[in-house]
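Participant: Before I ask anything, here is the structure I am working with.
The values are calculated or read from the model by the stated rules, or taken from the named source; none is laboratory data. Just so we're clear, the structure is a prediction, and the values are computed from it rather than from any experiment. Neighbour counts run over all protein chains shown; Cβ positions are idealised from the backbone, glycine included. Please note that ligands, DNA and RNA were not included when accessible areas were found on the heavy atoms of the full protein model with its side chains. Shrake-Rupley method; radii C 1.70, N 1.55, O 1.52, S 1.80 Å.
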Amino acid sequence: MTTTRFAPSPTGHLHVGNLRTALLNFLIARQSDGHFILRIDDTDPGRSQEIYVDSIKEDLEWLGLGWDQIERQSERLDAYLETASHLRNDERLYEAFETPGELELRRKKQRNRGHPPVYDRAALLLSEVEKDKLRAERGEGVWRFKLDRAWITWEDGILGSRSIDASSLSDPILIRRDGQFLYTLASVVDDMEMGISHVVRGADHITNTAVQIQIIKALGGQVPTFAHHSLLTDDAGYALAKRLGTLAIRDFKEQGIAPMAILSLLARLGTSEPVVLASCIDELVEGFDLTHFGSSPTKFDDTQLFQLTGRYLQTLPYTDVSEWIQDQVGVPDSIAETFWYATRNNITTLSDLKAWWTVFRDGAEPLIDPQDTDFVSQAIELLPNGPYDTDTWKTWTDAVQAKTGRKGRALFMPLRKALTGQGQGPDMSTIMPLLHRIKART
Ligand code: GLU
């Protein structure tokens, strides 16, 4: 069975970068009727925050990415403890006492000599007496995994055949001085015990993958299929990593971006296929193919989210948005449906509806070009009192044409601008019944 997981650290809100990882894992699981686990990587109590656990869950739910199982690393410490003692017994885990300052100095020396800054395993040479002495002086040490200095190879689900020479890597620290288990170990234990078959994550984890493959093998586990997607960049090609905090899903939600716009974009971004606006998640599942993803950095441009949202909204029937229109925009029930069908082709996000409603309810500041001033006042005199219906526009403009001789655009455009304060918008006949106030006539 295909089992995947999304494993965010609750140190911030869900953003386009980690959502992309979540979505790919979700789609792979759904595609084969598999199992999707949400795993909260919260072994670091100093950085993890409960509000982020809640916000990540809330945002995933808003997007429609439900999970079959939820796990928290902070509740699985016994499992990590057990695995650590297993590795210790097999002499794959050793205690080291160097301070960060000492390590930095050694790395500097190595670099100066033209050597790679790989940990020299000095701790392996310590006798028990020396270790006791260091422990008495410095407290507990860190625990490092003893890598097997050989090439580590795997068939990557996106990058193809990959190999990394373990001799170029330092033995990774799996347990900190204060006993805290680090992600590298915790993730392996979880992936093994939870039967994870596929791990899709960002290319920034490639080295972790090499190390984790060795740990899994040291524990006699089954190595999952690893796949590393490219990282997102901005328009200029710079990594988005630092800006990701500003690309939070909840901010897009706040701006009225539709979940399907976000999901449709992220399911295709970085593939050879065009972005297609899907109407539901099942449609994304059907067309999904991980092998279509490429390895080159992928540009993310949030204007696409607005365009897709606009296109998506145009397809929605009133029933899908009635709650939003009545509760958030404040349109009275009696005209809410008319309001929706009149405006849906002229918005990019649901938030734009608020601006339209303000125009209809309060009236817009008239926009009158100097050469049209007389024409507009003549026309306004011919405008009957409301309420209006869908025939009002035609009757009125016929009368204005008869009186002024203006036709076509020269007739319609100044009137549109006078009534709505802008040169673009929904069909004027559909707008008229919604106009509660016309400032041009008051
Ligand atoms: N908590 C890790 C992260 O957010 C998980 C990486 C992984 O998928 O293994 O980067």
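Participant: Using the alpha-carbon centroid of each, what span in Å lies between the stretch 26-97 and the stretch 344-361?
Facilitator: Each part's Cα centre sits 42 Å from the other's.
Participant: In addition: Between residue 132 and residue 103, what FRET efficiency follows from the Cβ-Cβ distance if R0 is 22 Å, with the result rounded to 0.05?
Facilitator: The formula returns an efficiency of 0.55 here.
Participant: For the chain, give the share of DSSP beta bridges that are antiparallel, in percent and rounded to the nearest 5; count only bridges with both residues there. Spell out each step's value before the answer.
Facilitator: Values: 16 of 31 bridges.
Percentage antiparallel, nearest 5: 50.
Participant: Determine the sum of side-chain charges near residue 189: Lys and Arg each +1, Asp and Glu each -1, restricted to other residues whose C-beta is under 9 angstrom from that of residue 189.
Facilitator: Taking every Cβ under 9 Å from that of residue 189, the sum is -3.
Participant: Mind listing the long-range amide H neighbours of residue 156? Cut-off is under 5 Å, sequence gap 5 or more, other chains count too, H placed in the peptide plane at 1.01 Å from N.
Facilitator: Amide H neighbours of residue 156: 161, 162.
Participant: Let me have the 222 nm mean residue ellipticity of the chain computed from DSSP H runs of 4+ only, each contributing -39500 (n - 2.57), with the sum over all residues rounded to the nearest 500.
Facilitator: Computed ellipticity for the chain at 222 nm equals -13000 deg cm²/dmol.
Participant: Applying the Karplus parametrisation 6.51 cos²θ - 1.76 cosθ + 1.60 with θ = phi - 60° to the phi angles of the stretch 268-278, what ³J(HN,Hα) value in whole Hz is obtained for each residue in order, glycine and proline being reported as x?
Facilitator: These are the phi-based 3J(HN,Hα) values: 10, 4, x, 10, 7, 9, x, 6, 10, 6, 8 Hz.
Participant: OK, next. Calculate the FRET efficiency for residue 125 and residue 58 from the Cβ-Cβ distance with a Förster distance of 45 Å, rounded to the nearest 0.05.
Facilitator: The calculated FRET efficiency here is 0.30.
Participant: May I have the extent of the alpha carbons of the stretch 363-440 along their three principal axes, as whole Å values ordered from largest to smallest?
Facilitator: Largest to smallest, the principal-axis extents are 28, 24, 20 Å.
Participant: Going down the table (109/131; 108/217; 109/299; 354/417; 217/299), which pairs top 30 Å between alpha carbons?
Facilitator: Among 109/131; 108/217; 109/299; 354/417; 217/299, the Cα-Cα distance tops 30 Å for 108/217; 109/299; 217/299.
Participant: Another question about this same structure. Heavy atoms only, probe 1.4 angstrom, no DNA, RNA or ligands counted: give me 205, 229, 115 ranked by accessible area, highest first.
Facilitator: 115, 205, 229
Participant: Here is a further query. Can you compute the FRET efficiency between residue 90 and residue 304 using 1/(1 + (r/R0)^6), with r the Cβ-Cβ distance and R0 = 41 Å? Round to the nearest 0.05.
Facilitator: 0.20
Participant: 7 Å from Cα along Cα→Cβ at both residue 50 and residue 361: what's the point-to-point distance in nm?
Facilitator: With each label placed 7 Å out from Cα toward Cβ, I get 3.7 nm.
Participant: Ignoring any ligand, DNA or RNA, what whole percent of the accessible area of the stretch 6-77 comes from carbon and sulfur when the probe is 1.4 angstrom?
Facilitator: 43 percent
Participant: Can I ask one more? Give the Rg/Rh ratio for the stretch 310-442, taking Rg as the radius of gyration of the Cα atoms and Rh as the Kirkwood radius, to two decimals.
Facilitator: Details: Rg = 15.2 Å, Rh = 15.3 Å.
Across the stretch 310-442, the Cα-based Rg/Rh ratio is 0.99.
Participant: Just to confirm a number: summing +1 for Lys and Arg and -1 for Asp and Glu over residues other than residue 132 whose beta-carbon lies under 13 angstrom from that of residue 132, what do you get? Mind showing how you got there, number by number?
Facilitator: Details: positive: 131, 133, 135, 138; negative: 95, 128, 130, 137, 140.
Residues close to residue 132 contribute a combined charge of -1.
Participant: Sticking with this one: For the stretch 1-101, list log₁₀ I(q)/I(0) at each q in 0.16 Å⁻¹, using the Debye formula over Cα point scatterers of equal strength and ignoring solvent, two decimals each.
Facilitator: Evaluating at q = 0.16 Å⁻¹ gives log10 I(q)/I(0) of -0.79.
Participant: Let me ask you something else. On the accessible surface of the stretch 272-351, probed at 1.4 Å, how many percent belong to carbon and sulfur atoms?
Facilitator: 46 percent
Participant: Where does the stretch 47-87 land on Rg(C-alpha)/(2.2 N^0.38 Å)?
Facilitator: After normalising by residue count via 2.2 N^0.38 Å, the value is 1.58.
Participant: Please give every one of the aspartates and glutamates within straight-line cross-link reach of residue 146, meaning a C-alpha to C-alpha distance under 15 Å, and leave out same-chain neighbours fewer than 8 residues apart.
Facilitator: 90, 91, 95, 120, 165, 171
Participant: Read phi for every residue in the stretch 257-267 and hand back ³J(HN,Hα) as whole Hz from Karplus 6.51 cos²θ - 1.76 cosθ + 1.60, θ = phi - 60°, with x for Gly and Pro.
Facilitator: Working through the residues one at a time gives 6, 7, x, 5, 5, 5, 5, 4, 5, 6, 6 Hz.
Participant: Would you work out if the stretch 227-271 is rounded, prolate or oblate? Take a ≥ b ≥ c from the square roots of the eigenvalues of the alpha-carbon gyration tensor; rounded if a/c is under 1.5, else prolate when a/b is larger than b/c, oblate otherwise.
Facilitator: Values: a/c = 2.19, a/b = 1.27, b/c = 1.72.
Oblate, since a/c reaches 1.5 and b/c is not below a/b.
Participant: Between residue 276 and residue 31, how many nm apart are label points set 7 Å from Cα along the C-beta direction?
Facilitator: 1.4 nm
Participant: Roughly what would the spin-label model give for residue 291 and residue 311, points 7 Å off Cα along C-beta, in nm?
Facilitator: 2.7 nm
Participant: By its C-alpha gyration tensor, with a ≥ b ≥ c as the square roots of the eigenvalues, how is the chain shaped: rounded for a/c under 1.5, else prolate for a/b larger than b/c, else oblate? Show your work: numbers first, answer last.
Facilitator: Working: a/c = 3.20, a/b = 2.98, b/c = 1.07.
Cα axes put the chain in the prolate bin.
Participant: On to the next question. Between residue 242 and residue 374, what length comes free when the chain is fully extended (0.36 nm per residue of separation minus the Cα-Cα distance, one decimal in nm)?
Facilitator: Values: separation 132, 0.36 × 132 = 47.52 nm, distance 5.57 nm.
Net length gain for the segment: 41.9 nm.
Participant: Among 385, 208, 18, determine the one that fluctuates most according to a GNM of the chain built with springs between C-alpha atoms less than 10 Å apart.
Facilitator: Looking only at 385, 208, 18, the largest GNM fluctuation is found for 385.
Participant: Taking just the alpha-carbon atoms of the stretch 43-152, what radius of gyration and Dmax come out, in angstrom?
Facilitator: Over the stretch 43-152's Cα set, Rg and Dmax evaluate to 19.9, 58 Å.
Participant: I need the shape label for the stretch 100-204. Rule: rounded when a/c is under 1.5, else prolate if a/b > b/c, else oblate, with a, b, c from the alpha carbon gyration tensor. Kindly include the intermediate steps, with their values, before the conclusion.
Facilitator: Working: a/c = 2.52, a/b = 1.43, b/c = 1.75.
Oblate is the answer for the stretch 100-204, as a/c is 1.5 or above yet b/c matches or exceeds a/b.
Participant: Excluding ligands, DNA and RNA, what is the solvent-accessible area per residue of the chain at a probe of 1.4 Å, expressed in Å²? Walk me through the intermediate numbers first.
Facilitator: Working: 21250 Å² over 442 residues.
That works out to 48 Å² for each residue.
Participant: Turning to a different aspect of this structure: Compute the normalised compactness of the stretch 275-327: alpha-carbon radius of gyration over 2.2 N^0.38 Å, N being the residue count.
Facilitator: Normalised by 2.2 N^0.38 Å, the Cα Rg of the stretch 275-327 equals 1.50.
Participant: Once fully extended, how much extra length lies between residue 409 and residue 207, figured as 0.36 nm per residue of separation less the alpha-carbon to alpha-carbon distance? The partial results should precede the final answer.
Facilitator: Working: separation 202, 0.36 × 202 = 72.72 nm, distance 6.37 nm.
66.3 nm is the gain from fully extending residue 409 to residue 207.
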